[in-house]
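Computed from the coordinates by the stated procedures, all read-outs in this text should not be read as laboratory data. Remember, it's a predicted structure, so these values are computed and weren't measured experimentally. Ideal geometry is used to build each Cβ from the backbone, glycine not excepted, and the neighbour counts take in all protein chains shown.
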Amino acid sequence: MIVEYFELEISKLKYILYSKKINYHNIINYKIKCFYNNIQNYISKNNDKMIYYDYKLYFIPFLIFDNFKHGKITEKEHNELLKSYRKLYKSFKKKQKEKKNIIILDIK
């Protein structure tokens with residue numbers, strides 16, 4: 001579990017490790033934002049890394065549902081996380097589509 005969170009920022013990792021009660025809502029929310037930010041950082045630099053984080057971001061809804069199913073997050077938190085995920089993922093896909101359109105226009 002700890003190794004998975006090394007992709008998060010150090011301050012957030014410290015907060016997660018030293019908290020007495022694990023707040024899965026915050027952990028998942030941090031992961032969503034972290035993956036999205038990492039994708040934005042690697043879009044023009046390293047395509048393999050961007051694909052890796054895109055793949056991890058794609059499977060976040062399954063993680064959200066799994067935590068809800070096991071009672072680690074409430075229904076309200078489940079819905080909030082899905083809304084946050086949809087907003088970031090749609091904006092990412094919109095940026096990818098715009099980038100493809102620009103590349104196609106440049107080729108013509």
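Potential lengthening of the chain between LYS94 and ASN23 amounts to 22.5 nm, from the contour at 0.36 nm per residue minus the alpha-carbon distance. Between LYS76 and ILE51, the simple label model (points 7 Å from Cα in the Cβ direction) yields a spacing of 4.2 nm.
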